[in-house]
Amino acid sequence: MSGKHYRGLIEHYRDRLPVAPDTRIISLCEGNTPLIPLVNVTKGLQKSVEIYAKFEGLNPTGSFKDRGMTMAVTQAVAEGTRAIICASTGNTSASAAAYAARAGIKCFVLIPEGKIALGKLAQAMIQGSIVIQIKGNFDDGMRIVKDMAHAAPVAIVNSINPYRLQGQKTAAFEIVDALGRAPDYHCIPVGNAGNISAYWTGFSEYAAVKPATKSCAFCDDTCRYERPAVTDSRPIMVGYQAAGSAPFIAGHPVENPETVATAIRIGNPQSWDLAWAAVNESGGWFDALTDEEILAAQKLLAEREGVFCEPASAISVAGLLRDIERGKIRDGAVITCTLTGHGLKDPDTAIKQSQGNVLQIEAESAAVKRAILDHL
Ligand code: F0G
């Protein structure tokens, strides 16, 4: 393929990723997501801050998982793997199914019965994966998937697969590339804890001086990538969990995690040590938010900014706004928040909390006019 159109994060950041030159790349042109300035939610805040949302819901399957999946499936195919497997709260299964379809290999996904959002289930199903619903939660699924690594000829594509985190670190690269500097704080939802670990790796690699070995195939010769893209700082990393699923706040795994943000309904995160390293090395913190706070932030982002993310994603903005009010964020700070998944993933939750916006009236102009005048 020729031309300069964007061809996915592996091609764009090739010399910072473990991919051999002749490897067949399995890509859906993931990455390159927008960094959207939040202009309305900052109004009325005590502090003057700049907030940007890294909207990962605009990846090909609607979540950040695609960044890791392009790497994990590319590697699996390079190793001759014919089937992949994952446990998932939904988004990983949607992404794994898509990349397996693309690669022409089989995909098995273990999901907690009745506890994944409708859109994610639809994606996994139509993209041809074998959906295994278990009578248990994500942590049970993860335990079984790890057993399968020895019991069956399948490659695990959960974030315990190191190629996943390699792909996901590129989101941090994109943020620095877009801002021209590292943010002062980076706020992110935490579930299985792979993503916060990947971002920290990405920010750290960009802060370390490393000569580029190859120029980017996508960009022209003004591309930052032709030089080592270097920032002299790294952000403070802040990880937010749902109150009913908050092992990092408890300090130990929790049994029977619960939250409306089903994507992060996880009690036994696999990247425990890496996530603690990200927070401790950066001088950051973990905190928890209630389901009510999460849903309020989802609605706020949709109503005030026109950005529709899923509940788990909104926790990064919910936590940030609370931490600004509590004085934990310094004046003048530049802050980035990852919005990990698209709101369309979970239409049920969105509809449930927006009933008040629907009017039922007669099919008559007079009635519609009255409704308009009542609501102006
Ligand atoms: N936000 C969304 C929308 C997610 O789907 C996930 C994880 C997270 C945040 C948390 O990221 O696990 O790296 O800390 N979803 C996984 C899944 C577990 O199966 O889709 P993390």
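The values are calculated or read from the model by the stated rules, or taken from the named source; none is laboratory data. Everything numeric here is computed off the predicted structure, so don't read it as measured data. Methodologically, a virtual Cβ is constructed for each residue, glycine included, from the backbone with ideal geometry; neighbour enumeration extends over all protein chains shown. The protein model used for the area step is the full one, side chains on, heavy atoms only, and it has no ligands, DNA or RNA in it. Shrake-Rupley method; radii C 1.70, N 1.55, O 1.52, S 1.80 Å.
Could you tell me whether the chain comes out rounded, prolate or oblate from its Cα gyration tensor? Rule is a ≥ b ≥ c as square roots of the eigenvalues, rounded for a/c under 1.5, then prolate if a/b exceeds b/c, otherwise oblate. Since a/c stays below 1.5, the shape of the chain is classed as rounded.
As a fraction of the 1.4 Å probe accessible area of the chain, surface on carbon and sulfur atoms comes out at 53 percent. Among C309, G356, I324, pick out the residue whose Cα is farthest towards the positive end of the charge dipole of segment 303-367, where Lys and Arg carry +1 and Asp and Glu carry -1 on C-beta, about the Cα centre. So the residue we want is I324. Taking the centroid of alpha carbons for each part, segment 275-307 and segment 86-165 are 25 Å apart.
With every protein chain present, what is the per residue accessible area of segment 296-376 (1.4 Å probe, Å²)?
Numbers: 4320 Å² over 81 residues.
So segment 296-376 comes to 53 Å² accessible per residue, rounded to a whole number.
Loop sites here are GluC sites (Glu not before Pro) outside DSSP states H, G, I, E and B with no more than 14 other Cβ atoms within 10 Å. The longest part of the chain free of them is 114-254. Cross-link check: pairs K169/K352; K115/K328; K43/K120; K65/K106; K65/K146; K146/K299 evaluated at a Cα-Cα cut-off of 25 Å; pairs beyond the cut-off: K169/K352; K115/K328; K43/K120; K146/K299. Looking at segment 93-150, the trypsin sites (Lys or Arg not before Pro) that sit in a DSSP loop and have at most 11 other Cβ atoms within 10 Å of their own Cβ are K135.
Over segment 49-152, accessible surface divided per residue gives 37 Å², non-protein components excluded, 1.4 Å probe.
Below 14 angstrom from the Cβ of P247, what's the summed charge of the other residues (Lys, Arg +1; Asp, Glu -1)? It would help to have the intermediate numbers written out before the result.
Values: positive: R265; negative: D139, E255, E258, D273, D287.
With Lys, Arg at +1 and Asp, Glu at -1, the neighbours total -4.
Residues T262, T74, T290, ordered by accessible area of protein heavy atoms at a 1.4 angstrom probe radius and largest first, appear as T290, T262, T74.
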